[in-house]
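The next block holds one structure in the form of structure tokens; read it before the comments.
Just so you know, all these numbers are worked out from the coordinates, no wet-lab data involved. As the structure is a prediction and not an experimental result, all values here were calculated from the model. A quick note on method: Cβ atoms are made from the backbone with ideal geometry, for glycine too, and the neighbour counts reach across all protein chains shown.
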Amino acid sequence: MKDQTKCVQTRDKDEDIACINLPLYRGVIYRHKDFTHQPGQFAYARCATPTTEALGDLVADLEGGVKGFTTSSGMGAISVVMKLFHPGDHIIVTADLYGGTYRYFHDYLQEYGFEFTYVDSWNIEEVEAAVRDNTKCIFIETPSNPSMHVTDLAAVSAIAKANDALFVVDNTFLSPYFQKPLSFGADVVVHSATKYLGGHNDILGGVIVAGNQELADKIFAIYMAEGNNLGSDDAWLLIRSIKTLAVRMDRQQENALAIYAYLKTFDSIKDVLYVGDPTREDYELSKRQTTGFGGMISIRVKDKTKIQKYLQSLKVFSFAESLGGVESLATYPWTATQAPIPEEQRNATGATEDLIRLSIGIENVEDLKEDLRQAFEQA
Ligand SMILES: Cc1ncc(COP(=O)(O)O)c(C=O)c1O
């Protein structure tokens, strides 16, 4: 079955009622059948409800994994996965990544004795050179956030495997509709479901997908102990949102392809960063490991003193954080999403002070182009 079909197939499991949609199970507790807890039997919502389990299964199916777990947020997903590791373990991380993930790693896990090395993961020699005897994990985002560097998934997986490290990919930017890291050797995938999976900027959630049963068992034990599960209402809404994942992402990409080309003609803009740009060095790599380029574009402006004016002039785009929803957004990473990362690291990876990140929505593309024109060329 193709992804477009899988996305809409989460139905009632009760064959007699046979509702076309999955019912919402709000209940926290479920009657025991006997003293043992059988697989597939529900007991308590911190472990799973039929609704959260259906969402986990759906995303696992789209990612090609063995089991999916739903969490209260994307950071909740990342924090569960990091409990697979221990103080003294060394973790290699993409240097250009979501600032909140950096904050969690640096301000908390590092305090607890985890060791981190931030690398340009799109440069495979750098990843290889960062490996130490105690390296237990390589954690990447591709495309990177917000500088849009593309990391070779198969090459990083080979390094991880050769060194007995787990390979974890944050697949938020492209979603399983465009990128399936497990099929290129990743062990675990995490998502901020708040973004493309949710798609409407109205649900906070996360998903973890395990690539094998042993990891699924370990992740389940941690997540159940920590109490990180998503509420059933939000899980149900996410299942509904995913029904339109394919059409939303196709449309967001179609708009993004037109907009990146249009932005290249602006006098006020010096650089347009979009992974679907065929002149990029990593274009062939993107084509090899993804089925689409997504809807995220970053731009570098010539005059950074005008950035606030540009953002305030936008009328269709909203000047706001986050990404992946049907509404187009313009974010200023320097003071928002990337602020927790040291300036030196941001500048080195290209997440510079003159950069604006655009999340392209599903609006009429001519309206979006006109909005960008009046804001950037006239402000
Ligand atoms: C790539 C990426 N990963 C993880 C997160 C964290 O997700 P959440 O905000 O749902 O906790 C974000 C949030 O912006 C993100 O952009």
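Quick notes on this one:
- Leading residue at positive end of dipole, the chain (Cβ point charges), from Q9, G113, V131: Q9
- For the chain, the longest principal axis of the C-alpha atoms and the axis of helix 50-63 are separated by about 50°.
- Amide N of segment 230-257 lying under 19 Å from the label point, which is placed 7 angstrom from the Cα of M1 along Cα→Cβ: 236-248
- Extension reserve of the R103-E353 stretch, reckoned as 0.36 nm per residue once the Cα distance is removed: 88.1 nm
- The residues packed around E321, meaning those with a beta-carbon under 15 Å from its beta-carbon, carry a net charge of +1 if Lys and Arg are +1 and Asp and Glu are -1.
- Cβ-defined net charge surrounding R300, 9 Å radius [Lys, Arg +1; Asp, Glu -1]: +1
- Unit charges on C-beta of K, R, D, E only; dipole of the chain, Debye: 640 debye
- Shape category assigned to the chain from the gyration tensor of Cα positions, a/c cut at 1.5: oblate
- Overall form of segment 1-151 per C-alpha gyration tensor (a/c, 1.5; a/b vs b/c): prolate
- Cα gyration tensor shape for segment 326-379, rounded if a/c is under 1.5, else prolate or oblate: prolate
- Note on E366 and N212: the extension gain reaches 50.9 nm, defined as 0.36 nm multiplied by sequence separation minus the Cα-Cα distance.
- Here H106, H191, H200 are placed in order of increasing Cβ neighbour count within 10 Å, fewest first, which gives H200, H106, H191.
- In the elastic network of the chain, a GNM with C-alpha springs shorter than 10 Å, the most mobile of L323, L22, L174 is L22.
- C-alpha center-to-center spacing [segment 3-55, segment 234-295] in angstrom: 34 Å
- Packing-based ranking, highest mean first, of 33-46, 271-284 given that Cβ atoms within 10 Å are counted: 271-284, 33-46
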